[in-house]
Amino acid sequence: MQTFLTEDLAVPPPEPPRPPTAGPADWVRRNLFRSVGDGVVTVVAAIVVGFVVFRFARFLFSTGRWEIVRTNLKLFMVGRYPADELWRIVVALTAVAFVGGLIAGFVARRHVVAGTVAPDQPVTRRLVALVGRLWPLVVGVLLLLFLSSSPGPWLTAAAIVVAAVLGRLAGPYLPRRSAVVLVLGSIVLAAALVWFLTRPVGWDRWGGIMLNLFLATAGITLCFPLGVLLALGRRSKLPLIRAVCIAYIELFRGVPLFVLLLLSAIALGFFIPTWLEPPGLVVRAIVVFTLFTAAYVAEIVRGGLQSLPKGQTEAAQALGLSPVKTTFLIVMPQALRNVIPALVGQFISLFKDTTLAGAAMGFLDALQVANAATAQDAFRGQRLLAESLGFVMLLFWIGCITMSRESQRLERTLGVGTR
Amino acid sequence: MTDTTTGSTTTAAYADATQVAGSGEVMIELDGVVKRFGSFTALHEIDLKVAKQEVVVVIGPSGSGKSTMIRCINRLEEHDAGRIVVDGVELTRDVRNIQEIRRETGMVFQQFNLFPHLSVLDNVTLAPRQVRRMPKRDAEALAMELLEQVRIPEQAKKYPGQLSGGQQQRVAIARALAMKPKVMLFDEPTSALDPEMINEVLDTMIDLANGGMTMIVVTHEMGFAEKVAGRVVFMADGQIVEVGTPKHFFTDPQEDRTKLFLSQIL
Ligand SMILES: Nc1ncnc2c1ncn2[C@@H]1O[C@H](COP(=O)(O)OP(=O)(O)OP(=O)(O)O)[C@@H](O)[C@H]1O
Ligand SMILES: [Mg+2]
């Protein structure tokens, strides 16, 4: 009766029940070749993808001449930083790794205390998890190490790892109220390290991906608080503050970053009195990145603030919390958590845009190294730009993918138990 | 209608919203309170006195100004004219007065409004620690005591998003109580709850009322009103239309609008 009805309505009969353990052939048939059209699309796509992958693999392993990268590795990494001062960079990286480990350990301990993560997982399991989490970075560093021809980088990497591990082990034993000390300590340390690194050579010989990383780190750290303040200012009840913030945001969102960089490199003299020593180019670049990105951060944060239900503020007010405490304990943490993806997207943009500073201000950043390398005597006229640019791309990709993955992790951690 | 005499006596005793029941000590006084939103007047000269330890239930159709009235009491809305006095402190523009009244006044919202980024325990300890500067240890002891009182101590480490609506609302009550308020304001605390959770919240509120808390409760749960309310206030169009004991409203409502409204909710 039922069969009769279905046939009668010209509906195809229900597929016969498939055995629960359908094999790979069955999967292919169902997902790739369900109909003729499906089959054609699958075949064409397979040919295109196969061709691209083949060419890419051939470039990577056979036709590509990576000698240019190997020879210029130091330039790509640190530019023309003097060779006999490189130990300063090693010291700085080691110090940063130690403090990073310390903070990670401290935070992990707090999570255990708060009961948001299970304590006491076996060390091997945690190591595997960490490598899995940071695999692009790990693979990238290993690649760089194998490209290098001297023991220096290996020793540096070892020092960094040891420092990070020591910090991580010590972190949990910090007193419970160390958060403020850690933050202030990090700021002092950062300032000290900048002084330490610029002492022998000033800014002039900074370069390579180190310069890009430095510009990005400085820009991100400085633009974030400024952006938050601008977002709050734009919602202020005082018309003057609101107007200033709106004007600022709209001004900086309305002009191209590259033009700002050029202007600050060339025309800054018009804007500051002649008796004042103009700041160096690196400082100007940091200022431009900070001011520019802060405007975007402000709009992102404002979006986060607006997405919060009014009830949150009202509940805090009803409890007697002051407006400042309501903002910084209730509203801001939730707003920021909601906009992590957008914020990190902005930070990733900033990191990539540091290559514009190289072009606008004549730094020898990673991108300019890539250009310059192809003009060296040994490589001139050999069409090696693809290799050299490809390597720079890889460096940036490692940084960006790591930021992106870490931000997703942060989102998950902060989203514990919330809708 | 054999009860008419008693009924009307009761009505007479409470007919005036400015009169006060029980001990006679006034906790909350609204005197000619006017609230406008632009050109729209949400409250027309509201007069109401609430005695210490009294429970007043406010009913009325949607848009009648019930929320607006209790939100004026802790300055979530600013009234345009009249006087509001809570425990002897008059609400003025002075920020210190506002803060003082907010410290003495707990509020429970229809949508709970718990802080989703804080654990239940942190939700409850936040205000005592930040506003009363209570040491963490004491605040947590107090919070656990209150969570016992609302019967969910085992949820302390969870986050609001992991609780049922009824549990969330009980946490919200504990959070408000943590400031040791003298007055509790409830704005339709059970309207967002599934029927099976309404009673767990009402029971907590009944405990609170029996413990001597001064309460203004906007709710249409007349069973609750019958159990603990000293008076019921019926509002319509921004005015107090009728005031009386719960019994008065069940047996002998006077105004036509009251009768119509009651016929809809009972
Ligand atoms: N922020 C506001 N701006 C403009 N009008 C408002 C505002 N808040 C409330 N109103 C108006 O004031 C009147 C009273 O609102 P109120 O929320 O106090 O009513 P209510 O009695 O609590 O109703 P309900 O039972 O639906 O909660 C309504 O007509 C409403 O539209
Ligand atoms: Mg309401």
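Looking at this structure, is A:VAL344 away from every other protein chain (no Cβ under 14 Å), more than 17 Å from the chain's Cα centre (by Cα), farther than 28 Å from B:ASN123 by Cα and in contact (Cβ under 8 Å) with a residue 24 or more places away in the chain? No: the conditions fail for A:VAL344. The condition of being among the acidic types (Asp, Glu), crowded, with 18+ Cβ neighbours inside 10 Å and closer than 24 Å to A:PHE328 by Cβ holds for B:ASP122.
Listed by position, the strands (runs of 3 or more DSSP E) contained in the range B:20-91 that have at least 2 residues being within 24 Å of B:THR258 (Cβ to Cβ) and not acidic (Asp, Glu) are B:26-37, B:40-51, B:55-59. Scanning the range A:340-378 for residues that are buried (at least 20 other Cβ atoms within 10 Å of the Cβ) and part of a loop (DSSP other than H, G, I, E, B) returns a single hit, A:PHE363. Scanning the range B:25-39 for residues that are in contact with a Ser or Thr (Cβ under 7 Å, 6 or more places away or on another chain) and within 16 Å of ligand 2 (Cβ to nearest atom) gives a single hit, B:LYS35.
Given the structure, is B:GLU188 at positive phi and more than 11 Å from chain A (Cβ to nearest Cβ)? Lay out the reasoning, then the answer.
Values: at positive phi: yes; more than 11 Å from chain A (Cβ to nearest Cβ): yes.
Yes: the conditions hold for B:GLU188.
Would you point out the residue of the range A:260-319, among those that are within 14 Å of chain B (Cβ to nearest Cβ) and polar (S, T, N, Q), that is nearest to the chain's Cα centre (by Cα)? Per the stated criteria, the residue is A:SER307.
For B:GLU140, state whether it is away from ligand 1 (no atom under 16 Å from the Cβ), more than 14 Å from chain A (Cβ to nearest Cβ) and modelled with pLDDT of 95 or more. Let's see the steps before the verdict.
Values: away from ligand 1 (no atom under 16 Å from the Cβ): yes; more than 14 Å from chain A (Cβ to nearest Cβ): no; modelled with pLDDT of 95 or more: yes.
When the stated conditions are applied, B:GLU140 does not pass them.
For the range B:186-218, the candidate set comprises residues that are more than 24 Å from B:ALA156 (Cα to Cα) and within 16 Å of ligand 2 (Cβ to nearest atom); within that set, the residue that is surrounded by the most Cβ atoms within 10 Å (Cβ to Cβ) is B:VAL217. Would you call B:LEU48 of a type outside the set (Phe, Trp, Tyr) and in contact with a His (Cβ under 8 Å, 6 or more places away or on another chain)? So B:LEU48 does not fit the description; no.
Could you say whether any residue in the range B:162-176 is part of a helix (DSSP H, G or I), more than 10 Å from every other protein chain (Cβ to nearest Cβ) and over 20 Å from the mean Cα position of the chain (by Cα)? Full working, then the answer.
Narrowing the range B:162-176 to residues part of a helix (DSSP H, G or I): B:162, B:165-176.
Checking the rest, the ones that are also more than 10 Å from every other protein chain (Cβ to nearest Cβ) come to B:165-171, B:173-174.
So of that shortlist, the ones also over 20 Å from the mean Cα position of the chain (by Cα) come out as none.
No; the residues of the range B:162-176 include none that is part of a helix (DSSP H, G or I), more than 10 Å from every other protein chain (Cβ to nearest Cβ) and over 20 Å from the mean Cα position of the chain (by Cα).
Condition first: facing chain A (nearest Cβ under 8 Å) and either in contact with a Lys or Arg (Cβ under 6 Å, 6 or more places away or on another chain) or farther than 20 Å from A:LEU308 by Cα (or both). Now tell me which residues in the range B:143-161 satisfy that. If the condition is that a residue be facing chain A (nearest Cβ under 8 Å) and either in contact with a Lys or Arg (Cβ under 6 Å, 6 or more places away or on another chain) or farther than 20 Å from A:LEU308 by Cα (or both), then B:LYS157, B:LYS158, B:GLY161 are the ones that fit.
Residues that are surrounded by fewer than 22 Cβ atoms within 10 Å (Cβ to Cβ), polar (S, T, N, Q) and more than 11 Å from ligand 1 (Cβ to nearest atom) within the range B:51-97 comprise B:GLN53, B:THR92, B:ASN97, listed in sequence order. None of B:GLU45, B:GLU100 is within 16 Å of ligand 1 (Cβ to nearest atom) and not basic (Lys, Arg) except B:GLU45.
For the range A:320-341, the tally of residues that are within 8 Å of another protein chain (Cβ to nearest Cβ) and without any contact (Cβ under 8 Å) to a residue 12 or more places away in the chain stands at 5.
Considered as a group, the residues in the range A:215-268 that are hydroxyl-bearing (Ser, Thr, Tyr) and assigned to a helix (DSSP H, G or I) include one that is surrounded by the most Cβ atoms within 10 Å (Cβ to Cβ), and that residue is A:SER264. Might you let me know whether the range A:305-313 holds any residue that is free of Cβ contacts under 8 Å to residues at least 60 places away in the same chain and buried (at least 17 other Cβ atoms within 10 Å of the Cβ)? Yes, the range A:305-313 contains at least one residue that is free of Cβ contacts under 8 Å to residues at least 60 places away in the same chain and buried (at least 17 other Cβ atoms within 10 Å of the Cβ). So, in the range B:125-137, of the ones that are at the interface with chain A (Cβ under 9 Å from one of its Cβ atoms) and assigned to a loop (DSSP other than H, G, I, E, B), which residue ends up surrounded by the most Cβ atoms within 10 Å (Cβ to Cβ)? Looking at residues that are at the interface with chain A (Cβ under 9 Å from one of its Cβ atoms) and assigned to a loop (DSSP other than H, G, I, E, B), I get B:VAL131. Here B:ASN74 passes the criteria (1) at pLDDT 95 or above; (2) within 12 Å of chain A (Cβ to nearest Cβ); (3) within 16 Å of ligand 2 (Cβ to nearest atom) except the one numbered (1).
The values are calculated or read from the model by the stated rules, or taken from the named source; none is laboratory data. Keep in mind that this is a model prediction, so the values were computed, not measured. Methodologically, a virtual Cβ is constructed for each residue, glycine included, from the backbone with ideal geometry; neighbour enumeration extends over all protein chains shown.
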